[in-house]
Structure formats: C-alpha cells, structure tokens
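Q: Input: one structure, supplied below.
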Amino acid sequence: MPQVLERISWAELTTFKAGGSVRYVAHCSTVEDIEESIALAKEKQLPFIVLGEGSNVLPEDDDFEGVVLQIAIMGITEREEDGNIYVTASAGESWDRLVEYVTMRGWWGVENLAGIPGTVGAAPVQNIGAYGVEVRETLLSVDAYDCKTGEVVHIPVEKMNLSYRDSVFKHENCYIILRATFRLSKEGVPHIGYPDLKKAGEAGVPLASPHDIAKAVRTIRSAKFPDLSVFGTAGSFFKNPILTPEAFASLSSEFGAIPSFPHEGKIKVPLAFILDHILGLKGYRKEHVFLFGNQPLVIVAEPGAHAKEIEELAQEIEKKVFERVGLSIEREVRTSSSLEYKNFF
Ligand code: NAP
C-alpha cells in the first residue's frame, strides 16, 4: 500500500508554491502503488491527478477533493548495442540527475537539457527542450500504465505526437508514464549555437564534452532564471508563437525587425522579445507576482502569492498580447484541473 497523506498543500507539491490543499497524496514507488491509489480514488469516487515534481503546473486556491499520485518510481539502467547506449530511467527520477548520470559517463544527447526541473516521467509529456535540443531527439519509447485497461503498454516515440512542448500525453489523461528509454551515443557533436552557449564558449568556458556542456547550461540557467528555493515559478509560462510566413511578414511590417527562427516550415518568434520590446512588460508586476526581469516568459510568484494572482497575471498578459499584436498565445504550464484523470470509474 502506498503511503497516503491527507490535506497536503499544493504549495508543497508544485514549484509555483501556491494553491489550496489536496485531499489525498499517494506516494507511488511501484506499479502496485499506482493501482492501489487509483483504487482509493475509485472507492471514494474522486478524480485523480498524476504528478512528478509539479514543475509545470498551476494549481488552484480551492482545495482539490481528489487524489494526487506522486510518482516516485526510481532506477536507471543501461545497455550498449550497435555503438549506442540505451538508457532506461524510471519516471520518478529527477530529470537533471539523469542528465548528470549520462553526461558523467560521456554519453551525448541530453546535455543541453541540463538543469530543467522535473522528473523523467514529465519529460515526454512536455517534450522538454532547451538550447536547440528537444527530448524527442533521443527518446525511444516509454512504458506506461493505461488507466483504461489496467495494463502496462509500450509506446514508441512515433506514437507520442511529440511537437514543440506538446505530446499526446497532454491531451489524453489516461496514461501514467512508468519509465522512459533514450538512445544516447558515445560520439557526438556539441549543439552550442544558442547565444548564451556561444558567449560562454567565446569566454573560454569548456564545451567539448557532454559533461562540460551540461555544466555550462546549468551555470547559464542559474544566472538567468529565478531561484527556485526562494520564488515560486514553473519556468516559461507561455510558448513562443509559431507563425505562418504571411503572419510573420505582417507582424514585422507593423512592428519592425523582430527576431525569428525557422520552425518546421513556419517561423518561431521569441515571445520574450514581444513582451519586452513591443509591450514593455519586462518585470511587469501585479501584487505578489511578476514577469521575471531576465526572461519575461517566466512568471514568478513571491512567497505567499495566491494561485489566483498567477492566473490573473497570465490572463492579463494573454489579453495585452492579443490586443497589441493580435496573437493568441499558448501556455506551456497546465492548470491542475486540466490534469484530472476522470471517467475511469
Ligand atoms: P534565449 O537564448 O534568450 O533565446 C530567446 C528565444 O529565442 C528562445 O525562446 C529560443 O526559442 C529562441 N532562440 C534563440 N536562439 C535560437 C536559435 N539559434 N535557434 C532557434 N531558436 C532560437 O532563450 P532563454 O530564455 O535564455 O532560454 C534558453 C533555452 O532554454 C531556450 O531553448 C528555452 O526554451 C529553454 N528554456 C525553457 C524553459 C521552460 O520552462 N520550458 C525555461 C527556461 C529555458 P526556444 O525556446 O524555442 O528554444
């Protein structure tokens, strides 16, 4: 039976460190724990939510009358075949611990994704990405518990619809990821084209090995993003808009030169630029929440902030962007209510 705690604050379960309380939190370190936690939800006729470190979730101030399954299945194994290294990590492992584990061994593939908060199980859900690399490039498959059938299923990466910070797991709350397998390699090419990494290289920071790159990325991130031990945040709150060439041309003809990057036949525009240079919102504050000065895509909550304040600031930003530049921006962060697994009993 998993350890089940009652009336735990969302603030303890999420990196936003805000929100009301949760009726039951079940600490799941095995598949049996998951099954028993779902049985608990069923017995009480309550919805349930699956959570890792809660690093991409905006909870609500209202109490959640349901069960949170905190996935804590641990373990990393590897095997070498055909010159590749196949690493399988359990869903509850810290993503960054996995990056450290593989880069220490000199294996290439996920070094640019160092320092991203969250668990291994959450990485495919969000198709995490940073500094020009996405997890879909090395992810091979996951094993997941299918809540519809109670079976463990093997899902190859081709079936996950992975795209920019998106996957099938964001749209179908029926799988619980148990472990993920990655294909890494002993030989690799550094991806150090992003401005901050380029600058680090020019300043003499070593970037020759996966471990060097992971270390440099962590240093850059810790200087550029809010201190999680003090502030509440879920990293980038919004996605960068992906525009058709026509929409981008019309935007630049109205607002002048805007940085842009080709993205699968379309054009990705850094939202941070729009928020900063067109709307002047860098550092914009409402009571206890604000857009981070170093990166306005990041919403920061001071200790004691209400979840409602975060939601209201996010809505205000969405409205301002729409009114000023005509873009409906999308969120990376998910609300806790959108995470509910329902209708299984
Ligand atoms: P940055 O390097 O200042 O660049 C600003 C934006 O321009 C980024 O959002 C990035 O898009 C895009 N960009 C820059 N150089 C690019 C290139 N050579 N090719 C394609 N796109 C390029 O960004 P930053 O805020 O310091 O973040 C650095 C990286 O970490 C980014 O990849 C960012 O996505 C990632 N990150 C993610 C989170 C999160 O919570 N999801 C939090 C912090 C940082 P992309 O965002 O699409 O890469």
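The values are calculated or read from the model by the stated rules, or taken from the named source; none is laboratory data. This one's a predicted model, so the numbers in the text were calculated from it and none came from an experiment. Note that each Cβ is placed from the backbone with ideal geometry, even for glycine, and that neighbours are counted across all protein chains shown.
Q: Looking at (1) within 19 Å of Glu53 (Cα to Cα); (2) surrounded by fewer than 20 Cβ atoms within 10 Å (Cβ to Cβ), which is the only condition Ser163 fails?
A: Unmet for Ser163, out of (1) within 19 Å of Glu53 (Cα to Cα); (2) surrounded by fewer than 20 Cβ atoms within 10 Å (Cβ to Cβ): (1).
Q: Quick one: in the stretch 26-61, of everything that is assigned to a helix (DSSP H, G or I) and closer than 30 Å to Ala305 by Cβ, which residue is nearest to the ligand (Cβ to nearest atom)?
A: Ser37
Q: Is it fair to say Arg334 is over 22 Å from Leu51 (Cβ atoms) and out of contact with any Phe, Trp or Tyr (no Cβ under 7 Å at 6 or more places or on another chain)?
A: Details: over 22 Å from Leu51 (Cβ atoms): no; out of contact with any Phe, Trp or Tyr (no Cβ under 7 Å at 6 or more places or on another chain): yes.
The answer is no for Arg334.
Q: Could you tell me which residue of the stretch 216-273 is surrounded by the most Cβ atoms within 10 Å (Cβ to Cβ), considering only residues that are within 14 Å of the ligand (Cβ to nearest atom) and of a type in the set (Ser, Thr, Tyr)?
A: Among residues in the stretch 216-273 that are within 14 Å of the ligand (Cβ to nearest atom) and of a type in the set (Ser, Thr, Tyr), the one surrounded by the most Cβ atoms within 10 Å (Cβ to Cβ) is Thr233.
Q: Arg179 is checked against (1) out of contact with any Phe, Trp or Tyr (no Cβ under 9 Å at 6 or more places or on another chain); (2) surrounded by 15 or more Cβ atoms within 10 Å (Cβ to Cβ); (3) in contact (Cβ under 8 Å) with a residue 60 or more places away in the chain; (4) over 30 Å from Asp82 (Cα atoms) and fails just one. What number does that condition carry?
A: Going through (1) out of contact with any Phe, Trp or Tyr (no Cβ under 9 Å at 6 or more places or on another chain); (2) surrounded by 15 or more Cβ atoms within 10 Å (Cβ to Cβ); (3) in contact (Cβ under 8 Å) with a residue 60 or more places away in the chain; (4) over 30 Å from Asp82 (Cα atoms) one by one, Arg179 breaks only (4).
Q: Can you report the number of residues in the stretch 284-306 which are within 15 Å of the ligand (Cβ to nearest atom) and touching a residue at least 12 places away in the same chain (Cβ under 8 Å)?
A: Residues that pass the stated criteria total 10.
Q: Among (1) at pLDDT 95 or above; (2) within 16 Å of the ligand (Cβ to nearest atom); (3) within 25 Å of Ile116 (Cα to Cα); (4) more than 19 Å from the chain's Cα centre (by Cα), which single condition is Val321 missing?
A: Among (1) at pLDDT 95 or above; (2) within 16 Å of the ligand (Cβ to nearest atom); (3) within 25 Å of Ile116 (Cα to Cα); (4) more than 19 Å from the chain's Cα centre (by Cα), the lone unmet condition for Val321 is (3).
Q: With the requirement that a residue be assigned to a loop (DSSP other than H, G, I, E, B) and among the aliphatic types (A, V, I, L, M), what does the stretch 197-233 give you?
A: Ala203, Val205, Leu207, Ala208, Leu228, Val230
Q: Here is a further query. Within the stretch 171-193, restricting attention to residues that are out of contact with any Lys or Arg (no Cβ under 6 Å at 6 or more places or on another chain), more than 20 Å from Trp107 (Cα to Cα) and modelled with pLDDT under 95, which residue is nearest to the ligand (Cβ to nearest atom)?
A: The qualifying residue nearest to the ligand (Cβ to nearest atom) is His171.
Q: Same structure, new question: Contact list please: Cβ distance under 7 Å, first residue in the stretch 117-130 and in contact (Cβ under 8 Å) with a residue 24 or more places away in the chain and on the phi > 0 side of the Ramachandran plot, second residue away from the ligand (no atom under 11 Å from the Cβ) and assigned to a strand (DSSP E or B), pairs at least six apart or on different chains.
A: Asn127/Ser163; Asn127/Asp166
Q: Has the stretch 203-215 got any residue that is closer than 25 Å to Ser260 by Cα, surrounded by 20 or more Cβ atoms within 10 Å (Cβ to Cβ) and in contact (Cβ under 8 Å) with a residue 24 or more places away in the chain?
A: Filtering the stretch 203-215 down to residues closer than 25 Å to Ser260 by Cα leaves 213.
Next, from what is left, pick out any that are surrounded by 20 or more Cβ atoms within 10 Å (Cβ to Cβ): 213.
Narrowing further to those that are in contact (Cβ under 8 Å) with a residue 24 or more places away in the chain: 213.
Yes.
Q: Identify the single condition in (1) of a type in the set (D, E, K, R); (2) in contact with a helix residue (DSSP H, G or I) (Cβ under 8 Å, 6 or more places away or on another chain); (3) at pLDDT below 95 that Asp227 does not satisfy, given that it satisfies every other one.
A: That leaves (2) as the condition not met.
Q: Separate question: Tell me, which strands (runs of 3 or more DSSP E) wholly within the stretch 234-345 include 1 or more residues that are of a type in the set (Lys, Arg) and out of contact with any helix residue (DSSP H, G or I) (no Cβ under 8 Å at 6 or more places or on another chain)?
A: The qualifying strands (runs of 3 or more DSSP E) are 266-268.
Q: Starting from residues that are polar (S, T, N, Q) and within 20 Å of the chain's Cα centre (by Cα), keep the ones in the stretch 80-126 and report whichever is farthest from the ligand (Cβ to nearest atom). Talk me through it step by step, then tell me what you get.
A: First pass over the stretch 80-126, keeping only residues polar (S, T, N, Q): 84, 88, 90, 94, 103, 112, 119, 126.
Of the ones still in play, those that are also within 20 Å of the chain's Cα centre (by Cα) are 88, 90, 94, 112, 119, 126.
Working: Thr88: 24, Ser90: 22, Ser94: 16, Asn112: 8, Thr119: 14, Gln126: 7 Å.
Top of the filtered list is Thr88.
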